[in-house]
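Accompanying notes for the structure given below.
The values are calculated or read from the model by the stated rules, or taken from the named source; none is laboratory data. All of these numbers come straight from a predicted model, not from anything done at the bench. For neighbour counting, all protein chains shown are included, and Cβ atoms are generated from backbone atoms with ideal geometry for every residue, glycine included. Note: accessible area is taken over every heavy atom of the protein model, side chains too, but ligands, DNA and RNA are not part of it. Shrake-Rupley method; radii C 1.70, N 1.55, O 1.52, S 1.80 Å.
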Amino acid sequence: MRLRLILMVLSLLAVVSASTGGYLYYTTVRKAALKEAERQAAARLGLITKNISFNLTENIEVVRVLAGMDELLEMLVRPGAEAQRRANAILDLFKASLGVDVCYLMNYRGNTIASSNRNAPDSFVGKNFEFRPYFQEAFHKAPATYLALGVTSGKRGVYYSYPIFEKGEDLPIGVVVIKGSIERIEKEFSLLDGEIVLVTDPRSVVFISSIKDWLYQLVKNVSDEDRAAIADSRQFGNGPWEWIGLRRKGTHLAADSEGTLFRLHEEYIDPDHYPGWKVLHLRSLAAISQSISNPLARLAGPVILFLCVLVGMSVFFLYNKASREITRRRAFEKALSESEKRYRSLYHNTPAMLHSIDTSGRLLSVSDYWVEALGFEREEIIGKNLLDFLSEESRRYARDVVFPEFFKSGVCQDIPYQFVKKSGEKIDVLLSAIADRDADGNIARTLAVSIDVTQRKRAEEALRLAKEELSRYSKDLERQVEIRTREISSILRYTPAVVYIKDIEGRYLLVNSRYEELFAVKNETVRGVTDFDIFPRDVAKRFREQDRAVLEKNRSRQVEELVPQSDGIHTYLSVKFPVYDETGNPRGVCGIATDITQVKKVQDQLRRLSGNIMTNQEKERSAIARELHDELGQVLTALRMEAVWLQDRLQEIDTKGAQRARSMCGLIDKTIDDARSLAYRLRPGVLDDLGLVDALELYTTDFEKRTGITCLFDHRGVPATDDTVATAAYRIAQEALTNVVRHADAVHVEVQLYGENGSLTLVVADDGRGFNAEDLGDSEGLGLAGMRERAMLAGGLLDIRSDSGIGTRIRFQVKHEEITVAEPREAVR
């Protein structure tokens, strides 16, 4: 029994020792595994952060090059169809070359005037993005980067903006923007089991996420003021920006709303371009534990089994020891295999050209990106010399300079090479490499990283060419400016017109030589002087009021101005228009005045001559009308009486003769009516006897009877008028109705005559086919010209409005001082 007890105690001590040793071993290995997992997490966060930072900053230099394109500057300075076509071509080229979402151009107001997505349903053209920070920062001469949700497209993007300057100016005239894709960055994530990657802004809004449901949510609960600030920024849509429930449990520990625990690491993105933005790396503890527990379970099981077998079966000690060593080796090999798989995954999924060569330059391995970039199959590459894939110049440089130096130092950085793709195309790269040494310290192989800088090289070359072209353009522009300056100076010096420019306060900035000659001033001394210093106060006041009207309405104005000169008052026809500064705001008024004094005198003479002619014409018509009525009328009446007497004498003795005499009576009656009508149309006696209203009433009644066209005449409040105005109104109505019969094809005419506000107004409107005044020939337009002449001689205005298909409306208006008003009468048909 005692021996059994001793053996049992020894067995228990062995089991306890083995268990304690197994527990301590398990704890040690688990801590080491946790440290390794922590290190790998930090390394993955660094790699992911660098990858994201690279993608978010890759177009910063490109947008600066795009801002220097002449086509964009021309679109901003001299917009037009051809300028817009060229600007769109440049934007399309950069979009296609960079693989970005859209490239667009905005003017100084923030309006998009050219865009590579101009034909898309969500086109930016015509949209205003002045509120965007990338526009505001760029317009304050600072290139900007910006992450936001597009307000038009509804797509996330990274915005690169750069101001565009006109030569010699320090204020931008526009901003060019490149919008890159966020989805492309997310697609490049290569995540482990239970791994989550987030990118948040300074207010903790999730903008990039491997979990789509967390987009635009908050990683921490923020105040209502912060939510209001997020909404005001319009950076992440319309919200509601809910908290995802992630709570920190320590420095590197967090739990979500469901209680799932995560290891948390975070690192800030490039602070120069994205201040406050950071990358959050989370991995669930369950996934970490599983990745650690499985190898440990496989590793600790044989150890515990060995200890148990050691207690019970010491006979098989050596066998179990060998078995344990084999099992451990297999476990380590498996762990090594998994580590190698992770290494290969990083090696092949990194967006850079990775390769390894031996000391003779033969390629031992290349990454998938290397194979894809050069277009070869992997079988065509492995075992070949790296120099075979370089251009001739790069091959000599590598063989004679780089390789000897590298195999001495074991490191090289940013070596410029040119690789030759399978298609024969050359790409520029920057290569950096380190050496992998064996146990003796000799270089066994290399690990090299090549970054494709072809687009950067092309952009630099384009920038160089653009600078040369800009230099040539600047010289040509200076030459053209000099020529235009000489031309404008010659025009100002030799034109017979008076030319001047004033600022918005009415102070003179420039006058031409004609102004100096007429008003005895000098261009050098007149600057800063106003009209009140040169002209009488009443004249200067009129000039200032007209200048203010031009500035207030912001459009040109043509006026006649009376200007006192040494030989009397002269009449000038002045055209005044606003002059603008570079921001589009009026900075003054320019005036061009032509002396029309002699022209006005000739016009007055012609007007008096025309008035005398029309007055004599009316007198002649009145005389002819009296002759027709008095002389011819009496003769025809006597002739009719003789014809009646003859009819009565022949009634019984000659029936046929009596019938002929009766026919003569009818013909005489018709001739009498025609003579009366002709005399009435030449000069209606009722116009002289009863006035304008009765004359128009009788004429419209006769018009409807003669033509069959419905004619309504309406009058109200007609003042007493003199013969000149009455004759002009009557003749205008007569000519208008004559034109209706000849040309209008109308079925209805309205004639209105009324007085109001001290004016007499005549309106004749028909529903005919209308006309275009520009299409009338000289002969066809004589009637309209005659009406205008009569209106002018009467001191009134004539307005003619007509459109094809809707009829014609003629309106005659003349001021009348007398206020005697005729009684209104009903409309007459």
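If you go through segment 203-220 and keep only what is surrounded by fewer than 21 Cβ atoms within 10 Å (Cβ to Cβ) and over 31 Å from the mean Cα position of the chain (by Cα), you end up with R203, S210, I211, K212, D213, W214, K220.
For segment 522-578, give me each residue that is in a strand (DSSP E or B), among the hydrophobic types (A, V, I, L, M, F, W, C) and under 16 Å from I592 (Cα atoms). Don't jump to the end; show me each part of the working.
From segment 522-578, those in a strand (DSSP E or B) are 557-565, 568-578; that's our starting set.
From what's left, among the hydrophobic types (A, V, I, L, M, F, W, C): 559, 562-563, 569, 573, 575, 577.
Passing the criteria: V559, L562, V563, L573, V575, F577.
Annotation: of all residues in segment 89-111 being open to solvent by 10 Å² or more (accessible area, probe 1.4 Å) and of a type in the set (F, W, Y), the one that is farthest from R132 (Cα to Cα) is F94. Within segment 672-706, if we keep just the residues that are of a type in the set (S, T, Y) and surrounded by fewer than 15 Cβ atoms within 10 Å (Cβ to Cβ), the residue that is modelled with the lowest pLDDT turns out to be S677.
Could you say whether any residue in segment 357-377 is touching a residue at least 40 places away in the same chain (Cβ under 8 Å), over 47 Å from the mean Cα position of the chain (by Cα) and open to solvent by 70 Å² or more (accessible area, probe 1.4 Å)? Explain how you work it out, then say what you get.
Of segment 357-377, the ones touching a residue at least 40 places away in the same chain (Cβ under 8 Å) are 357-359, 361, 364, 370, 373-376.
Filter once more, so that each one left must be over 47 Å from the mean Cα position of the chain (by Cα): 357-359, 361, 364.
Right, trim to open to solvent by 70 Å² or more (accessible area, probe 1.4 Å) and you get 359, 364.
Taking every residue of segment 357-377 in turn, at least one turns out to be touching a residue at least 40 places away in the same chain (Cβ under 8 Å), over 47 Å from the mean Cα position of the chain (by Cα) and open to solvent by 70 Å² or more (accessible area, probe 1.4 Å).
For segment 772-787, the criterion of being modelled with pLDDT under 85, within 54 Å of the chain's Cα centre (by Cα), crowded, with 18+ Cβ neighbours inside 10 Å and farther than 23 Å from T701 by Cβ is satisfied by at least one residue. Within segment 729-748, residues that are within 13 Å of F713 (Cβ to Cβ) and aromatic (F, W, Y) reach partners that are assigned to a helix (DSSP H, G or I) and open to solvent by less than 10 Å² (accessible area, probe 1.4 Å) with beta carbons closer than 6 Å, at six or more positions or on different chains, in the pairs Y730/A695.
Against the numbered list (1) polar (S, T, N, Q); (2) under 17 Å from the mean Cα position of the chain (by Cα); (3) closer than 24 Å to A466 by Cβ, N59 comes up short only at (2). Screening the candidates A398, A433 for the property of being in contact with a Cys (Cβ under 7 Å, 6 or more places away or on another chain) and small (G, A, S) yields one hit, A433. Residue pairs whose Cβ atoms lie under 6 Å apart, separated by 6 or more positions or on different chains, with the first residue in segment 268-289 and open to solvent by 10 Å² or more (accessible area, probe 1.4 Å) and the second in a helix (DSSP H, G or I), are D270/S53; D270/T57; H273/T57; I288/A37.
All of R621, R587, R649 fail the test of being within 30 Å of A729 (Cβ to Cβ) and either modelled with pLDDT under 80 or not in a helix (DSSP H, G or I) (or both), apart from R621. In segment 139-160 there is at least one residue matching the filter, namely being within 20 Å of the chain's Cα centre (by Cα) and assigned to a helix (DSSP H, G or I).
Condition check: open to solvent by 70 Å² or more (accessible area, probe 1.4 Å) and under 54 Å from the mean Cα position of the chain (by Cα). Does R395 satisfy that?
On the way: open to solvent by 70 Å² or more (accessible area, probe 1.4 Å): no; under 54 Å from the mean Cα position of the chain (by Cα): yes.
For R395, the condition - open to solvent by 70 Å² or more (accessible area, probe 1.4 Å) and under 54 Å from the mean Cα position of the chain (by Cα) - is not met.
Of all the residues in segment 406-423, those that are farther than 18 Å from R445 by Cα and either open to solvent by 50 Å² or more (accessible area, probe 1.4 Å) or of a type in the set (D, E, K, R) (or both) number 6. Only a single item in (1) more than 18 Å from P586 (Cα to Cα); (2) in contact (Cβ under 8 Å) with a residue 24 or more places away in the chain is not met by E516, and it is number (2). Would you call V521 at pLDDT below 85 and surrounded by 15 or more Cβ atoms within 10 Å (Cβ to Cβ)? Answer is yes for this residue. Considering segment 65-105 alone, what residues qualify as being of a type outside the set (V, I, T), more than 13 Å from the chain's Cα centre (by Cα) and under 20 Å from N55 (Cβ atoms)? Hits for segment 65-105 are L66, F94, K95, A96, S97, L98, G99, D101. Tell me whether segment 241-256 contains one or more residues that are within 29 Å of E58 (Cβ to Cβ), under 30 Å from the mean Cα position of the chain (by Cα) and without any contact (Cβ under 8 Å) to a residue 60 or more places away in the chain. Checked against the condition, which is being within 29 Å of E58 (Cβ to Cβ), under 30 Å from the mean Cα position of the chain (by Cα) and without any contact (Cβ under 8 Å) to a residue 60 or more places away in the chain, segment 241-256 yields no hits at all. Candidates in segment 481-499 are the residues that are closer than 16 Å to C590 by Cα and under 39 Å from the mean Cα position of the chain (by Cα); of these, the one that is modelled with the highest pLDDT is V499.
When the residues of segment 26-78 are filtered to those that are in contact with a helix residue (DSSP H, G or I) (Cβ under 8 Å, 6 or more places away or on another chain) and β-branched (V, I, T), which remaining residue is surrounded by the fewest Cβ atoms within 10 Å (Cβ to Cβ)? Only one residue tops the list, namely V29.
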